[in-house]
Number of protein chains: 2
Amino acid sequence: MNDITFAVLGTGGIGRRTLEVSQHTDELTPVAACDRHGAAVDFDGLDVEELLAATEGNIDSGPGDGDVATDGGAVADAPSGVKQHGESVGVVASEQATPSDDPIQAIIDRGDRIDAVLLALPNYEHDFIPRVADRFLEGGYSGVLIDVLKRSRVIEMLDERGEAFDDAGITFVCGAGATPGLLTGAATLAAQSFVEVTDVDIWWGVGLKSGYEDNRGTVREDIAHLPEYDIETARDLSESELEAVIDDHDGVIEFEDMEHADDVLLERAGVCDAEDVSVGGILDVRRDEKPTTTTVSVTGRTFDGETATNTFELGDATSMEANVNGPALGYLKTGVRRNRADEYGVFGPAELMPRF
Amino acid sequence: MNDITFAVLGTGGIGRRTLEVSQHTDELTPVAACDRHGAAVDFDGLDVEELLAATEGNIDSGPGDGDVATDGGAVADAPSGVKQHGESVGVVASEQATPSDDPIQAIIDRGDRIDAVLLALPNYEHDFIPRVADRFLEGGYSGVLIDVLKRSRVIEMLDERGEAFDDAGITFVCGAGATPGLLTGAATLAAQSFVEVTDVDIWWGVGLKSGYEDNRGTVREDIAHLPEYDIETARDLSESELEAVIDDHDGVIEFEDMEHADDVLLERAGVCDAEDVSVGGILDVRRDEKPTTTTVSVTGRTFDGETATNTFELGDATSMEANVNGPALGYLKTGVRRNRADEYGVFGPAELMPRF
C-alpha cells in the first residue's frame, strides 16, 4: 500500500503518543496536528520530535482539545489546564504551527491531501465527535475519520450519519483504541475457531497511580459505570466528591456489566449477540501494577460440536497507552484500505478483522 | 461487501469441511468443487448438503486430490484410497458433478465468475501448488487463490511468481489455515501493544487418536520436522517404518525449533525478524486430548519502555480442523477485499491483519 498521510485533531495524551508511535513505521506520515489554538501542517511530514518537545508540558487541557476519556482504554487529560504555560499555548508553541481561529477548518481545507484523521478530541458531550464529523461532511472531506471512544451512544449517532458518510466517501472507524478496539479485535480473532459464539467476556485491569493526575477524566468516566452513577451525574461530581468516591473504594474500584460499546461492535460484526458480551474490570488508582490481568475469553461451539474457550491476555506491563496507540494506527491503516476500496460508512474494529 | 463466490479444489478433509463451515455465513457462496475425477459447478450456489452426503465415505484419496498435510494445522488424508468405493469415484458421486479429464481447467474456464479459489490439494511435491497457480495464470484467472500450507519453500516458489500475479491481478494468500494462519494472525494482533517485538513463541498441541487413520499424511509431515529426518526421508518411510518411529516415541512426539513458515510470514509482515520466531509442539497419536495447550506468546517493548508478553491460547477442545476452516474462510474474504482494491501478489495471513 502507498504511503498514508494522517492528521491528529487534539494534542493531548492520545494525540501526542499516536504521533510518537507513528514514527515506528514507514507507512504512516503525520502531516497535520491541531488543537484549539492552531494547527501544524507539513505535507513532507511533521517534525514530530520538535512538535512533541516544544509542546511538552505545554498542553492546553481546557475544553476543546486535550484528550478522550475511555475507561480501561484511552487516557484523558483532566480539564485542569495545569500543564498550560508560556506565551504560546498548546500546539502553537511548536515552530511548525500557526495560530488559527478555526484550526479544524484549517485541516478540513487541506483534506484532499489527508488520507485519515484521528479524532483525539475530548468527548465531554456525547455529540462532540459526531458534530466534528458533520464539519468534515460539510467541508467535502472524503477519507478516513477514526476515534478511540467507547460509548455505544456515540456509535448510534455516527450510524445516523451512515448514509451521509456513504455519499461523501467517508470511512468512519469508531472505538479503535484498547477497548473496544484491541480487545474486540482479539475477540473476533478468537471467534474464528467457532461456528457459534455463546459468550465473550472482557475483563480489564488498570493501575493508575503515577498517571492518576493526568487521567482524572478517565476515572470520572469509569465512575459513571458504577451502578449508582451515570454519565451525567459523574460529570457533575466536584473534584472533592470524586475523591470521596475513590476513598470509599480504598482506591480500587471494580466494575461489572459495564455498558461498553464492545457488545454493540461485536454484534454489528456478526461475531455474537450483544447480550452475550460482558465487560468488567478493576481500576486501582493507588498502585501502578495492574490489579488484574486484562483478559478476553471467547466461548463457542466448533463446527464439530465441541465447546471451548479461547483466551487472549495482555501482559501486565503493557500500559493503557501502549494498548491504545498501536491498535489505533493499525485500524487507521485498515480503514484507509477500506476507503480506497470504496467501502464507506461506519465500521467498528471487529468489522476490520479477517473473519469468515 | 458483496457476496463472494468461491471454489474448492480438492474434496478431501479440508475441502469438505470448508464447504460445510461456509454454510454458517451468508456472505460466501460455494459455486464449484472438484477433485481429479470431475467438477461440480453451480453459480446459484452448490447444494453442499447433497455434495457432502453423496461423497461421504467416497473420497478418492489417491494422489491428485485428497488433502493438504500441515503439521499442527491442516489435516491430510492418507493416500491409501481406503475410502474409495462405488461406481462413481470421488466428487462425481454427487448429482451436481460431471466427470472431467481436466477438472481444474473446468474451474479455470469459469474463473471470471469465481472470486476466490481454495487450493485444498495435497502437496506431496513442493511445487504442486505453485504449478496449479501457474495453470490459473495461464488460464487468465484474476481473483484470489488461497492455500493452507505451511512450508517456507512453497512460499518462496510463490514469491517467484509475484510479478506474474501482479500482472494477472491475482491475490495469492498462502498459509491461511491454523498454523501459520490463525496463529500468526494472533501473533500480529498481540504485537500491536509493542513498538518492537523481540520474541514470538508458537507452541501447539494436537491429540490425534480417533483422527489418526485419516491423518497419516500430517503425521508423516510432522516426522519430517524431527532432527533425524527431512521432508524427503520422511516421505520415503514405509507405513511400518512410520509406525516404528511412532512406537519409539510411545505415540507422543515433541517438536522443537520446527522449520515452519510462521517465521517467514511474520517477518514479511514486518512484525519481527524471522530468527526471533520459534515454533514447536507436541503430537499425541494415542489420545484425542491435546497433550499441551496451543499458545502464542509475543514479547516486546512498549513505546514507554516496558517489556511484556501478550498471549493467545486456543481452548483444548478446539480441533485442528476447527482452527483451519474458519480462519481459511476469513482470510479468503479478506483476500477478496484486497483483490477488489487492486492489491495483487503474495500475502501471508499476518499481512492481512490490521497492523500499524
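Every condition in (1) out of contact with any Cys (no Cβ under 6 Å at 6 or more places or on another chain); (2) within 26 Å of A:Thr309 (Cα to Cα); (3) not basic (Lys, Arg) holds for B:Leu266 except the one numbered (1).
Based on this model, can you work out whether B:Thr302 counts as surrounded by fewer than 18 Cβ atoms within 10 Å (Cβ to Cβ) and farther than 20 Å from B:Arg153 by Cα?
Details: surrounded by fewer than 18 Cβ atoms within 10 Å (Cβ to Cβ): no; farther than 20 Å from B:Arg153 by Cα: yes.
No.
Scanning the range B:238-252 for residues that are closer than 11 Å to B:Val285 by Cα and in a helix (DSSP H, G or I) returns B:Glu243, B:Ile246, B:Asp247.
What about B:Gly315, is it free of Cβ contacts under 8 Å to residues at least 24 places away in the same chain and either assigned to a loop (DSSP other than H, G, I, E, B) or under 19 Å from the mean Cα position of the chain (by Cα) (or both)? So B:Gly315 fits the description; yes. Is it fair to say A:Val75 is surrounded by 18 or more Cβ atoms within 10 Å (Cβ to Cβ), within 14 Å of chain B (Cβ to nearest Cβ) and at pLDDT below 95? Spelling it out, A:Val75 is indeed surrounded by 18 or more Cβ atoms within 10 Å (Cβ to Cβ), within 14 Å of chain B (Cβ to nearest Cβ) and at pLDDT below 95. All conditions in (1) in a helix (DSSP H, G or I); (2) within 14 Å of chain B (Cβ to nearest Cβ); (3) not aliphatic (A, V, I, L, M) hold for A:Asp222, with the sole exception of (2).
If you scan the range B:110-134, which residues turn out to be under 17 Å from B:Tyr344 (Cα atoms) and out of contact with any strand residue (DSSP E or B) (no Cβ under 7 Å at 6 or more places or on another chain)? Listed by number, the residues that qualify are B:Gly111, B:Asp112, B:Pro130, B:Asp134. Can you find, within the range B:261-299, the residue that is farthest from the other protein chains (Cβ to nearest Cβ) among those that are acidic (Asp, Glu) and surrounded by 17 or more Cβ atoms within 10 Å (Cβ to Cβ)? Restricting to residues being acidic (Asp, Glu) and surrounded by 17 or more Cβ atoms within 10 Å (Cβ to Cβ), the top hit is B:Asp263.
The residue that is nearest to the other protein chains (Cβ to nearest Cβ), counting only those in the range A:22-53 that are within 18 Å of A:Gly330 (Cα to Cα) and out of contact with any strand residue (DSSP E or B) (no Cβ under 9 Å at 6 or more places or on another chain), is A:Thr25.
Scanning the range B:89-110 for residues that are crowded, with 19+ Cβ neighbours inside 10 Å, of a type outside the set (Gly, Ala, Ser) and part of a helix (DSSP H, G or I) returns B:Val91, B:Val92, B:Pro103, B:Ile104, B:Ile107, B:Ile108. Annotation: B:Arg355 fulfils all but one of (1) assigned to a loop (DSSP other than H, G, I, E, B); (2) more than 7 Å from chain A (Cβ to nearest Cβ); (3) among the charged types (D, E, K, R); the unmet one is (2).
Of all the residues in the range A:1-17, those that are closer than 23 Å to A:Phe128 by Cα and at pLDDT below 95 number 8.
Pairs linking a residue in the range B:268-289 that is touching a residue at least 40 places away in the same chain (Cβ under 8 Å) and assigned by TED's automatic domain parsing to the domain that holds B:Leu208 to a residue that is part of a strand (DSSP E or B) and surrounded by fewer than 18 Cβ atoms within 10 Å (Cβ to Cβ), with Cβ atoms under 6 Å and 6 or more positions apart or on different chains, are B:Asp276/B:Asp199; B:Ser278/B:Asp201; B:Ile282/B:Glu254; B:Asp284/B:Val252.
Could we say that B:Gly205 is within 14 Å of chain A (Cβ to nearest Cβ) and buried (at least 16 other Cβ atoms within 10 Å of the Cβ) here? Working first, answer last.
Working: within 14 Å of chain A (Cβ to nearest Cβ): yes; buried (at least 16 other Cβ atoms within 10 Å of the Cβ): yes.
So B:Gly205 passes the test.
Counting only residues that are facing chain B (nearest Cβ under 7 Å) and not in a loop (DSSP other than H, G, I, E, B), the range A:318-352 holds 14 of them.
Filtered by the rule that a residue be closer than 15 Å to B:Thr179 by Cβ and of a type in the set (Gly, Ala, Ser), the range B:242-268 gives a lone residue, B:Ala261.
Quick check on the range B:179-195. Is at least one of its residues among the aliphatic types (A, V, I, L, M) and surrounded by fewer than 24 Cβ atoms within 10 Å (Cβ to Cβ)?
yes
Among the residues of the range A:176-200, how many are touching a strand residue (DSSP E or B) at 6+ places or on another chain (Cβ under 7 Å) and closer than 24 Å to A:Gly143 by Cα?
As a first pass, look at the range A:176-200 and keep what is touching a strand residue (DSSP E or B) at 6+ places or on another chain (Cβ under 7 Å): A:176, A:179, A:183, A:186-187, A:190-191, A:193-200.
From what is left, the residues that are closer than 24 Å to A:Gly143 by Cα are A:176, A:179.
Summing the residues that are touching a strand residue (DSSP E or B) at 6+ places or on another chain (Cβ under 7 Å) and closer than 24 Å to A:Gly143 by Cα in the range A:176-200 gives 2.
Filtering the range A:195-211 to residues that are under 19 Å from B:Gln23 (Cα atoms) and in contact with a Ser or Thr (Cβ under 6 Å, 6 or more places away or on another chain) leaves only A:Thr198. Here B:Leu283 clears all of (1) among the hydrophobic types (A, V, I, L, M, F, W, C); (2) assigned to a loop (DSSP other than H, G, I, E, B); (3) within 20 Å of A:Thr302 (Cβ to Cβ) except the condition numbered (2).
The values are calculated or read from the model by the stated rules, or taken from the named source; none is laboratory data. What you see is a predicted model; the values in this text were computed from it and never measured. Positions of Cβ are backbone-derived with ideal geometry, glycine not excepted, and every protein chain shown enters the neighbour counts.
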